[in-house]
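Before any comments, here is the structure.
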Amino acid sequence: MSITSPIQCDVVLALVPTFVDDEVTDSVASTVRRHLMDCSACRNAVQEEQTLRQWFVAAPEVEVPTGFAAHVARRAFAGDVGLEPAPAPVAAAPEPPAGRVLAFSRALVAVAAGGLVAISLFLAGSGGPEVADLDAGKGLQEALLELEQENQRLELEDSASTPEEGR
Amino acid sequence: MGALMHKPSLESQDDSLLVQGTLEGDPLCFEVLVERYQRRLFGLVRHYTRSAVEVEDIVQDTFLKAFSRLETFQQSSAFYTWLYRIAVNTILDFMKRQGRSPIRAVEDPEAMGGSMDETTERKSIRPDARLEQAEISEITRSVMDDLPEIFRTVLVMRELEQMRYQDIADVLQVSIGTVESRLFRARARFKKRLLQLHPEFAATQSNPSDEESKS
């Protein structure tokens, strides 16, 4: 940038889009032009801005259907007001807390049920545990044996003390 | 407007008289208004949809809405600006209805802006000289289709419809400063997307000091 430039590059750079769009006042435009004569960096910025505008080319003329205006005027005077505005998108309503608790409970029950089914299948597949295989089962078996022996002893005592019927 | 007039004499009337005639129940006045602006509205709407049927529907809907609200039109403002505002709203409404609005709910385009990284900013991108106008137009359109609506609208108005900042501000009911800011961001976003989709047209800008030393 030249020392004699009356405005700084940052000011010019900020003005570049409006300058290229021809939306600055005549006095600003002439100040910018004077600056551009001395400053290649700002000239490049203007060129770049103009380059981008080359992508916006005029599209071909549009064909308007014959009789369009008369057709629209007829519809308008017949009371047609066009389409209603699109309804605003409805946000998904948040699930009430009770619903969420219920959903959680259902999920929990489902998981528990699944677990029980899996255990049952496993036990069925392995034939199930024998009572003798379990420590607690051993104690029970001994208790049953004792109970059976006790019953036999009592029966013997009972038969010894009771007189024979028919005697 | 008094007694009903013939169409040829109506064609030379200004907008405010035709609006008045329409309000007084003369269908020809409205027909002339439609004829006066139909081409510009067709031109505007086709930047938003490729379907000729949809373009016709949207333009028709715009005129019908304008007719039904004609009593609210303030004669102090330009009829076309007022009509254009209805057209833009009708387009956006139509796209919303079709679920085609490029506005992403999670994205606030104004806040996000069009900031570019330094590499993108330093890259120049120009259409290849061998490209036909129709090809350039197609590339531009595909890039604009990807832009948030807020940016696409200002680009259409400024770059394709050649509207002045003040007219854009009037249509969008924002300040000129907002128009400038949106345009700046819109162009930055356009360039960024263009570089993403068509890197083959990119050229890194040479350093100005290098250029000077060469010459």
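Remarks
- The phi-based Karplus calculation (6.51 cos²θ - 1.76 cosθ + 1.60; θ = phi - 60°) puts the 3J(HN,Hα) values of the stretch B:187-193 at 5, 5, 5, 4, 5, 4, 5 Hz, whole numbers, x for Gly and Pro.
- A Förster radius of 41 Å, combined with the Cβ-Cβ distance separating B:Ala129 from B:Glu71, puts the computed FRET efficiency at roughly 0.20.
- For B:Ser124, residues with placed amide H under 5 Å, excluding near neighbours: B:Ala203, B:Thr204, B:Gln205
- When only alpha carbons are used to place a centre, the stretch A:23-42 and the stretch B:24-79 end up 40 Å from one another.
- The mean count of C-beta atoms from other chains within 10 Å of the C-beta of residues in B:58-67, rounded to a whole number, is 6.
- Extension reserve of the B:Ser51-B:Asp145 stretch, reckoned as 0.36 nm per residue once the Cα distance is removed: 32.4 nm
- Using the Cβ-Cβ distance between A:Thr51 and B:Arg40 with R0 set to 30 Å, the FRET efficiency from 1/(1 + (r/R0)^6) comes to roughly 0.60.
- Largest first, the residues B:Tyr80, B:Tyr165 sort by 1.4 Å accessible area into B:Tyr80, B:Tyr165.
- Expressed as a whole percent, the accessible surface of the stretch B:7-97 that belongs to carbon and sulfur atoms is 49, based on a 1.4 Å probe.
The values are calculated or read from the model by the stated rules, or taken from the named source; none is laboratory data. Bear in mind the structure is a predicted one, so any value in this text is a computation, not a measurement. Please note: Cβ atoms are built from the backbone with ideal geometry, for glycine as well, and neighbour counts cover all protein chains shown. Remember, those area values only see protein heavy atoms, side chains included, never the ligands or the DNA or RNA. Shrake-Rupley method; radii C 1.70, N 1.55, O 1.52, S 1.80 Å.
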